[in-house]
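First comes the structure, then the notes that go with it.
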Amino acid sequence: MARTAAPRAPDGIAPGEMSLRGYLEALERDHPDQVIHVTAPVDPARFEVTAVLKQLEQRRRYPLVVFDRPLDLRGQPSPMPIVTNIYATRERCAMSLGLRPEDATSGLSLEYARREERTLPPIVVDADRAPVREVVRTGDAVDGTTRWMPDRTST
């Protein structure tokens, strides 16, 4: 049986220590069979995301799924995609830590235990470069209905 490589981290980043964006890019590049993009609009508030995942599960398929065009609570396209099923398989869990998919059993458990034993210092990111600051809204520009997560308190 051929051995499969873990996704390659971008240059300068240690395997298993890349960002979510970096992991998604590497997974799509190195294991495109592990990723599905749903390009049609979906309404999470009407459980359309859940329905897609349920259909995949009934077929015993557990890919990482990117919903490229989710709707917000007003039924408008959201500026953010939904990414789900990231850790739906032990193989992807292993790859997210820089291991090969074949290491998804004891290798993954040992690596996880090793990482719990060692603490890492936080990585300080300049406020101007922080990904969380890519979209900043203040004052009247803040609109809670533009989020794509269903509001469970109002149902």
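Readers should treat all values here as calculations from the given coordinates under stated rules, not as data from a laboratory. Fair warning: this is a prediction, and the values are worked out from it, not measured in the lab. Cβ coordinates were reconstructed from backbone atoms using ideal geometry, including for glycine residues, and neighbour counts include every protein chain displayed.
Tabulated results
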| read-out | value |
| --- | --- |
| Karplus (6.51, -1.76, 1.60) ³J(HN,Hα), θ = phi - 60°, over segment 49-59, in Hz, Gly and Pro reported as x | 5, 4, 5, 4, 5, 5, 4, 5, 4, 5, 8 |
| Peptide ranges 90-97, 124-131, 73-80 listed from the most packed, as the mean C-beta count within 10 angstrom indicates | 90-97, 73-80, 124-131 |
| Those chymotrypsin sites (Phe, Trp or Tyr not before Pro) in segment 40-89 that DSSP places in a loop and that have at most 15 other beta carbons within 10 Å | Phe47, Tyr87 |
| FRET efficiency for Glu57 and Leu20, using Cβ-Cβ distance with R0 set to 25 Å, rounded to 0.05 | 0.65 |
| Rounded if a/c under 1.5, otherwise prolate or oblate - segment 54-137, Cα gyration tensor axes | oblate |
